[in-house]
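The values are calculated or read from the model by the stated rules, or taken from the named source; none is laboratory data. As the structure is a computational prediction, the values presented were derived from the model and not from experiment. When we count neighbours, we look across all protein chains shown, and the Cβ atoms used for this are built from the backbone with ideal geometry, even at glycine. Just the protein is used for accessible areas: all its heavy atoms, side chains included, with ligands, DNA and RNA removed. Shrake-Rupley method; radii C 1.70, N 1.55, O 1.52, S 1.80 Å.
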Amino acid sequence: DTDLLGTLRTFLEQNQNSARTAKLLFIHYNTLRYRIDRAKEILGDFLENPRQRLEIELALQLYPLIGRIPPVDPPR
């Protein structure tokens, strides 16, 4: 029931500021810590790896656009 993508996007947009992120999401600080820890379980320790963090930030920006791009027809 958690919105990991939204939480992660907001957390990174707020430059990893936990207090500000929790306030913006209207969640308790410990809830935010739990969600970030859950994201780390899935993605690895992306906060310590700048390249991986960049890849995740790009993916989070592109994700909403994926559904809007029409499929490409294969060449005939």
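Summary table
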{"item": "Portion, in percent, of the accessible area of the chain that falls on carbon or sulfur, probe 1.4 Å", "result": "54"}
{"item": "Counting all C-alpha pairs of the chain, share separated by more than 16 Å (%)", "result": "54"}
{"item": "Mean accessible surface per residue for the chain, computed with a 1.4 Å probe while every protein chain stays in place, in Å²", "result": "80"}
{"item": "Summed residue charge, Cβ within 12 Å of Leu25's Cβ, Lys/Arg positive, Asp/Glu negative", "result": "+2"}
{"item": "For the chain: relative contact order, % (alpha-carbon pairs under 8 angstrom, 6 or more apart)", "result": "26"}
